[in-house]
């Protein structure tokens, strides 16, 4: 089962839990070219039988993976910003370091290139929800 977006985003039907720790983006166009078939159910959920009917979408069709460690939950806008900030990475592992003085999230982010090589760890600071939504809106203008 796949969703068209993140829990809480407009028009998204999802049974995703608010404390989801693993987000996977699928390159549907490449998967279809590779022979996978996708269906939309009556309630708007996307279904895929996987490769050879095994129910598994091969990782080669993943365009991004974000893992949240330590029981951390993020708002959809925060997850979207991480996805955009780490474009070109096959996987990003996120661990909360501490909250900043302004209440910001301070995160350790370990990213991996498309070839699987590990990039240098970085520290990523996420601001309050209002600032995040404004930043996502600004970023969306350029994508």
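Quick notes
- Candidate set: the stretch 66-80, residues that are at pLDDT 85 or above and surrounded by fewer than 17 Cβ atoms within 10 Å (Cβ to Cβ); chosen: the one farthest from residue 106 (Cα to Cα): 67
Residue by residue, here is whether (1) touching a helix residue (DSSP H, G or I) at 6+ places or on another chain (Cβ under 8 Å); (2) surrounded by 10 or more Cβ atoms within 10 Å (Cβ to Cβ) holds:
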position	(1), (2)
29	no, yes
33	no, yes
37	no, yes
40	no, yes
52	no, no
64	yes, yes
82	no, yes
106	no, yes
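- Residue check, residue 65 assigned to a strand (DSSP E or B) and closer than 18 Å to residue 6 by Cβ: yes
- Residue check, residue 35 more than 27 Å from residue 142 (Cβ to Cβ) and either out of contact with any strand residue (DSSP E or B) (no Cβ under 8 Å at 6 or more places or on another chain) or assigned to a helix (DSSP H, G or I) (or both): yes
- Test for residue 24: is it surrounded by 12 or more Cβ atoms within 10 Å (Cβ to Cβ), at negative phi and in contact with a strand residue (DSSP E or B) (Cβ under 6 Å, 6 or more places away or on another chain): yes
- Flag for residue 120 being farther than 23 Å from residue 36 by Cβ, out of contact with any helix residue (DSSP H, G or I) (no Cβ under 6 Å at 6 or more places or on another chain) and either at pLDDT 85 or above or buried (at least 16 other Cβ atoms within 10 Å of the Cβ) (or both): yes
- Residue pairs whose Cβ atoms lie under 7 Å apart, sitting 6 or more positions apart in sequence or on different chains, and linking a residue in the stretch 50-63 that is within 11 Å of residue 36 (Cα to Cα) to a partner that is at pLDDT 90 or above and part of a helix (DSSP H, G or I), are 57/31; 61/30; 61/31.
- Just one of the listed residues (42, 60) is farther than 20 Å from residue 136 by Cβ, modelled with pLDDT of 85 or more and in a helix (DSSP H, G or I), and it is 60.
The values are calculated or read from the model by the stated rules, or taken from the named source; none is laboratory data. Nothing here was measured: the structure is a model prediction, and the numbers come from that model. Note that we place each Cβ from the backbone using ideal geometry, even for glycine, and neighbour counts take in every protein chain shown.
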